[in-house]
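A.B. asks: Mind looking over this structure? Questions follow.
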Amino acid sequence: MQTLKPKVIAVVGGKKVGKTTTTEKLITELTRRGFKVAAVKHVSETDFSIDTPGKDTWRYAQAGAKTIIVISPNEIATIEKSNTESTPLNALVERCRHNDIVFIEGLKKLVATNKTIPKIVVTTTPEQAENALKTYKPILAFSGPYNTKTLSSAIPYANALKNPEKLANIIETTLKK
């Protein structure tokens, strides 16, 4: 039996606008509705590592291991040492293939104009919203503190902090198409 690809939705916007909180609220609501949800989070800090210097997994990587799998009673983590600059988006989505929805937060260069990935744009100002209309295609919805209903746009607005159900309804309608 072939596994259906999950629906990919990007959550985009500037720094500190509420992308992570929006994604968290959507994961909570859609999981409550019975969807299996995955999340891909881009970390832009170049010195970030999921691994901890001195720990066993770090030592394996230092010895030359390119893939390290860590198993505990409640989690499985895979650490892959590689240059991620050339990692294609579909390789990341493939890792989430057993889910219904994959939220991508960040990876702006890969998702901005990818017409197969609908975007939820989180904004705090009218300028951010106007810029988003020029930058992101297609926009599924706006969210965040700035209510974009004043824009001359047919794109729906739903504040995930105050009404995650409304934003989840927009996503669910998109999934049915």
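Derivation of every value follows stated rules applied to the coordinates shown; laboratory data play no part. Computed from a predicted structure; not experimentally measured. Ideal geometry is used to build each Cβ from the backbone, glycine not excepted, and the neighbour counts take in all protein chains shown.
A.B. asks: What pairs come out if I take residues in the stretch 5-21 that are in contact (Cβ under 8 Å) with a residue 40 or more places away in the chain and over 18 Å from LEU161 (Cβ atoms) and pair them with residues that are buried (at least 21 other Cβ atoms within 10 Å of the Cβ) and of a type in the set (D, E, K, R) whose C-beta lies under 6 Å away, six or more apart or interchain?
C.D. replies: ALA10/LYS119
A.B. asks: Those residues that are assigned to a loop (DSSP other than H, G, I, E, B) and closer than 13 Å to ALA141 by Cβ, I need them from the stretch 156-177; list them, please.
C.D. replies: Just the residues of the stretch 156-177 that are assigned to a loop (DSSP other than H, G, I, E, B), to begin with: 156, 158-163, 177.
Result: PRO156, ALA158, ASN159, ALA160, ASN163.
A.B. asks: In addition: Restricting attention to the stretch 36-57, which residues are exposed (fewer than 10 other Cβ atoms within 10 Å of the Cβ) and either within 21 Å of THR23 (Cβ to Cβ) or aromatic (Phe, Trp, Tyr) (or both)?
C.D. replies: Within the stretch 36-57, SER44, GLU45, PHE48 meet the criteria.
A.B. asks: Out of contact with any His (no Cβ under 9 Å at 6 or more places or on another chain) and not in a loop (DSSP other than H, G, I, E, B), is that true of LEU140? Give the derivation first.
C.D. replies: Details: out of contact with any His (no Cβ under 9 Å at 6 or more places or on another chain): yes; not in a loop (DSSP other than H, G, I, E, B): yes.
Judged against the criteria, LEU140 is a match.
Residue-wise test of (1) in contact with a His (Cβ under 9 Å, 6 or more places away or on another chain); (2) acidic (Asp, Glu).
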site: VAL12; (1), (2): no, no
site: THR21; (1), (2): no, no
site: GLU24; (1), (2): no, yes
site: THR31; (1), (2): no, no
site: PRO53; (1), (2): no, no
site: THR67; (1), (2): no, no
site: ARG95; (1), (2): no, no
site: ASP100; (1), (2): no, yes
site: GLU105; (1), (2): yes, yes
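A.B. asks: Moving to a separate point now. From the residues in the stretch 100-137 that are more than 20 Å from LEU30 (Cα to Cα), of a type in the set (D, E, K, R) and under 17 Å from the mean Cα position of the chain (by Cα), which one is surrounded by the most Cβ atoms within 10 Å (Cβ to Cβ)?
C.D. replies: Looking at residues that are more than 20 Å from LEU30 (Cα to Cα), of a type in the set (D, E, K, R) and under 17 Å from the mean Cα position of the chain (by Cα), I get LYS108.
A.B. asks: So, of the residues in the stretch 138-177 that are among the basic types (Lys, Arg), under 24 Å from LYS16 (Cβ atoms) and loosely packed, with under 15 Cβ neighbours inside 10 Å, which turns out to be farthest from the chain's Cα centre (by Cα)? Lay out the reasoning, then the answer.
C.D. replies: Of the residues in the stretch 138-177, the ones among the basic types (Lys, Arg) are 149, 162, 166, 176-177.
Narrowing the set further to residues that are under 24 Å from LYS16 (Cβ atoms) leaves 149, 162, 166.
Now restrict to residues that are loosely packed, with under 15 Cβ neighbours inside 10 Å: 149, 162.
On the way: LYS149: 24, LYS162: 20 Å.
Only one residue fits best here, namely LYS149.
A.B. asks: Which of the residues that make up the stretch 5-42 are out of contact with any strand residue (DSSP E or B) (no Cβ under 6 Å at 6 or more places or on another chain) and either among the basic types (Lys, Arg) or over 16 Å from ASN169 (Cα atoms) (or both)? Break it down into steps so the answer makes sense when it comes.
C.D. replies: From the stretch 5-42, those out of contact with any strand residue (DSSP E or B) (no Cβ under 6 Å at 6 or more places or on another chain) are 5, 14-16, 20-21, 24-26, 28-29, 32-34, 36, 42; that's our starting set.
Residues satisfying the conditions are LYS5, GLY14, LYS15, LYS16, THR20, THR21, LYS25, ARG32, ARG33, LYS36, HIS42.
A.B. asks: Also, I was wondering about something else. Show the residue pairs meeting these rules: Cβ distance below 8 Å; 6+ apart or different chains; first residue within the stretch 81-109 and free of Cβ contacts under 8 Å to residues at least 12 places away in the same chain; second residue in a strand (DSSP E or B) and among the hydroxyl-bearing types (Ser, Thr, Tyr).
C.D. replies: Pairs that qualify, where the first residue is free of Cβ contacts under 8 Å to residues at least 12 places away in the same chain and the partner is in a strand (DSSP E or B) and among the hydroxyl-bearing types (Ser, Thr, Tyr): there are none.
A.B. asks: Just wondering, is there one or more residues in the stretch 115-136 that are in contact with a Lys or Arg (Cβ under 7 Å, 6 or more places away or on another chain) and either within 22 Å of LYS5 (Cα to Cα) or aromatic (Phe, Trp, Tyr) (or both)?
C.D. replies: Taking the stretch 115-136 and keeping what is in contact with a Lys or Arg (Cβ under 7 Å, 6 or more places away or on another chain), we get 115, 122, 136.
Those left that are additionally either within 22 Å of LYS5 (Cα to Cα) or aromatic (Phe, Trp, Tyr) (or both): 115, 136.
Scanning the stretch 115-136, I find at least one residue that is in contact with a Lys or Arg (Cβ under 7 Å, 6 or more places away or on another chain) and either within 22 Å of LYS5 (Cα to Cα) or aromatic (Phe, Trp, Tyr) (or both), so the answer is yes.
A.B. asks: Here's a follow-up. Residues of the stretch 58-99 being out of contact with any helix residue (DSSP H, G or I) (no Cβ under 7 Å at 6 or more places or on another chain), outside any helix (DSSP H, G or I) and surrounded by 17 or more Cβ atoms within 10 Å (Cβ to Cβ), which ones? Lay out the reasoning, then the answer.
C.D. replies: First, the residues of the stretch 58-99 that are out of contact with any helix residue (DSSP H, G or I) (no Cβ under 7 Å at 6 or more places or on another chain): 58-67, 69, 71-78, 80, 82-88, 90-99.
Remaining after also requiring outside any helix (DSSP H, G or I): 64-67, 69, 71-78, 80, 82-83, 87-88, 95-99.
CYS96, ASN99, listed by residue number.
A.B. asks: Within the bounds of the stretch 43-54, is there any residue that is touching a residue at least 40 places away in the same chain (Cβ under 8 Å), under 20 Å from ILE120 (Cα atoms), of a type outside the set (Lys, Arg) and touching a helix residue (DSSP H, G or I) at 6+ places or on another chain (Cβ under 7 Å)?
C.D. replies: no
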